[in-house]
Amino acid sequence: MKNHELMMAGNHDISFMEARQNSELFTTHDYNFALEPLHETNLQIGVSRDQNEVWNHNQEHALTLQNSRTHSEEQDLEGKDEVDSQENQNESYDHTFDLSFPDNDDSETSENDKLALIVSQDLNDNLQLAVGHCMNRDPIPGLNISLSQQLELAPPIIQCRSLQTAPEHNLVVGMEFSDVLACRRALRDAAIALRFEMQTVKSDKTRFTAKCNSEGCPWRIHCAKLPGVPTFTIRTIHGSHTCGGISHLGHHQASVQWVAEAVTERLKVNPHCKPKEILEEIHQVHGITLSYKQAWRGKERIMAAVRGSYEEDYRLLPRYCDQIKRTNPGSVAVVHGSPVDGSFQQLFISFQASIGGFLNACRPLIGLDRTVLKSKYVGTLLLATGFDGDGAVFPLAFALISEENDSSWQWFLSELRQLLEVNSENMPKLTILSSRDQSIVDGVDTNFPTAFHGLCVHGLTESFRSQFNNSILVNLFWEAAKCLTDYEFEGKIEEIEQISPEAALWIRNSQHSRWATYCFEGTRFGHLTANVSESLNSWIQDASGLPIIQMMESIRRQLMTLFNERRETSMQWSTMLVPSAERHVLEAIEESHLYQVHKANEAQFEVMTSEAKWIVDIRCRSCQCRGWELYGLPCSHAVAALFFCRQNVYRFTESYFTVANYRRTYAETIHPVPDKTEWKTTEPDKESGKDGEEIVIRPPSVLRQPPRPRKRRSQGEDRGRQKRVVRCSRCNQAGHFRTTCTAPI
């Protein structure tokens, strides 16, 4: 049989090329539908089967066309159809119609005579449209025309999405809505579901009129308010849609508010859902393509409603501090506002569980750090942390300040000193680690004059790298910081001097007594850096953009979970020391088997190794290598001396490293804080001002500043790795590429 072409006509023409047996047509959408020969059906959009009009003049039109068409006209038409088919091949069939068929089809066509179009759905691949027809198809009764003519005379068939109209989108006269907003939302949702756009004709407090936005379409709807109540009802619906729906992928009614309402439930379950994922979901469910900005604004709108107001959280800060002190007795929670306008200035929080754990069981070592928040208002989070027996960060206190300056660090360190003095009879001899920021240095000297203040080696490394961009020098700098004796330190400085005398001079002028391990007076227990914010980065990132109370609550929940997890984990340990200390001692025992020990008296021993000899004093718990003093655990030389005099090695370790002490660190619990909706049921303790009234905290006057530029972090495992040397392929010299080569040819 000669190949024929199928032309489908609606409000705009859609042509198929070479419709033959088992032919395939690839389209760009994934919707399933089946088409059967329709002889007495006129399809309309958005109406039910009972509302479809009968196509009464199909056969009369066919007979007239048969008598008037000649053989030459048929050839011309075929040539024209080829051009039309080629032009319409890339056309986007992006219309959503309600295809309805009458229940009583009077056609005598058998099941084998039906024409089926099937679109198979695949989200990732191209879609295939198969048009099949039977070879032995009988002609339509009463028509003596060819199959090509019969296919042309088929009723209008519109390729579209098979988006089933939900019951709530059926608009009928008499339908009522709670108010005018509900009426507008219902009409908007119906327009999006039925793929037509509306234009508002009239809208006020008592009436709402809209029409189809397509030119020439008679559809129009009028709603009015019922007397005495806010209820709106549909009064009239004029005409039916003849426009064929919209032909583009967007939609005029798909506003930012509609996007927010469409993804509300998903964002409640997953607040970290990205705008790109929202776009994909809307396109898959509703068949609408939106811009990234619309999805982002819709998410921001619904998240603002879910997480609450930033300004409201600032107002509730005094009550939040009161709730922390009620639920966690002994905790410190204070907030301060500006005496001029009451705008937020400072918030300090430290839980009793953290205070008790640090003073009773942690190492006397505190790290200070800060991080800039990504909130609506400008703010900086100050952190003070200890270190537990296993070397992990132990959060001690948090402070949120509106502006970082000298006075803010003085205030934070003053609050930290007061809580330590109040909760301990004797202030421990502390070692404090921080960056060399002058505000922090002055604050430590003022509030902790007897503490040993060490500088963070990481910050020094970044400064060193900025002046001497050489990975070999940076690695030698780290090795020099770790040296335990002055002899080893001077050896590293000489290596640096051979490469760059300027770098060696920079190190000698950098107050190495505050960062070099061999000459630092305090006890750092091997901690060279104070990058606390990087250790708690996951906590801060999740909470940084939230309102202030929700942010602090997120940190409190993380801290509460941390205490519980570490408490339960320690219950499974069966050793005397924590895992890291246990590994250190076992390695020292293994190395000590190769040493020779000579006893001088009850306390002093001379330990001979293959490289040198070392003097050990077990009474002073010291070794000439200084490892025992600096780390608090016996070195391999001390272990050899202890074994020689048949002493228990574990008795000569610091108490900070025992499992019993570790369990005391996390013995107390951080309790939950009630939801803010329940705070109104209690009478808070008023933080009174001069007139005895409760303080009202207002948001800071300055919004968020641009974030600090991202800094390059040098990881410990990369310090020994050599930097790749590039070489020019033109002059064969190292240090540049061919594109930047300046050597003469």
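Quick note: the coordinates plus some simple rules give every number you see, no bench work behind them. As the structure is a computational prediction, the values presented were derived from the model and not from experiment. Glycine gets a Cβ as well: all are built from the backbone with ideal geometry, and neighbour counts include every protein chain shown.
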How high is the FRET efficiency between Cys731 and Glu300 when r is their beta carbon distance and R₀ equals 60 Å, given to the nearest 0.05?
-> 0.65
Per residue convex hull volume, Cα only, segment 364-485, in Å³ is 152 Å³
Hey, any idea what Rg/Rh is for segment 470-584, computing Rh the Kirkwood way over Cα pairs?
-> 1.14
Can you give the three extents of the C-alpha atoms in segment 242-298 along their principal axes, from longest to shortest, in whole Å?
-> 42, 19, 18
Could you go through segment 669-679 in sequence order and give the Karplus-derived ³J(HN,Hα) for each residue, using 6.51 cos²θ - 1.76 cosθ + 1.60 with θ = phi - 60°, rounded to whole Hz, and x for Gly and Pro?
-> 10, 8, 8, x, 10, x, 5, 5, 5, 8, 5
Work out how far the C-alpha atoms of segment 411-476 reach from end to end along every principal axis, then list the three figures in whole Å, largest first.
-> 49, 20, 14
The ³J(HN,Hα) series, computed from each phi in segment 211-220 with the Karplus coefficients 6.51, -1.76 and 1.60 at θ = phi - 60°, rounded to the nearest Hz and given as x for glycine or proline, is 9, 5, 6, 6, 5, x, 7, x, 5, 7
For Met175, distant residues with modelled amide H under 5 Å away | Ile234
In the structure shown, do any of Lys274/Lys374; Lys211/Lys293; Lys293/Lys374 have a Cα-Cα gap over 25 Å, and if so which?
-> Lys211/Lys293
Ser331 long-range amide H proximity, modeled H, under 5 Å | Gln352
Give me the number: length gained by fully extending His252 to Ser471, i.e. 0.36 nm times residue separation minus the C-alpha to C-alpha distance, one decimal in nm.
-> 73.1 nm
Sort 255-266, 642-653 for me by packing, meaning the mean count of neighbouring Cβ atoms within 10 Å per residue, highest on top.
-> 255-266, 642-653
How far is it, in nm, from the label point at Ser622 to the one at Arg724 when both lie 7 Å from their Cα along the line to the Cβ?
-> 5.0 nm
Mean projected area, convex hull of alpha-carbon positions in segment 167-307, reported to one decimal in nm², is 9.4 nm²
Just in segment 541-609: which chymotrypsin sites (Phe, Trp or Tyr not before Pro) are loop by DSSP and have at most 16 other Cβ atoms within 10 Å?
-> Trp573
Label point distance in nm, Arg315-Thr561, each placed 7 Å from Cα along Cα→Cβ | 3.1 nm
Additional length obtainable on full extension of the chain from Asn509 to Arg220, 0.36 nm per residue less Cα span = 95.7 nm
If R0 = 35 Å, then Glu261 and Glu403, at their Cβ-Cβ distance, give a FRET efficiency to the nearest 0.05 of 0.35
For His241, enumerate residues with amide H under 5 Å from its amide H, sequence gap 5+ or separate chain, H modeled in the peptide plane.
-> Ile45
Kirkwood-Stokes translational diffusion coefficient of segment 577-657, alpha-carbon pairs, 25 °C, 0.890 mPa s, µm²/s = 199 µm²/s
Asn405 neighbourhood, Cβ < 15 Å, K/R = +1, D/E = -1, net charge -4
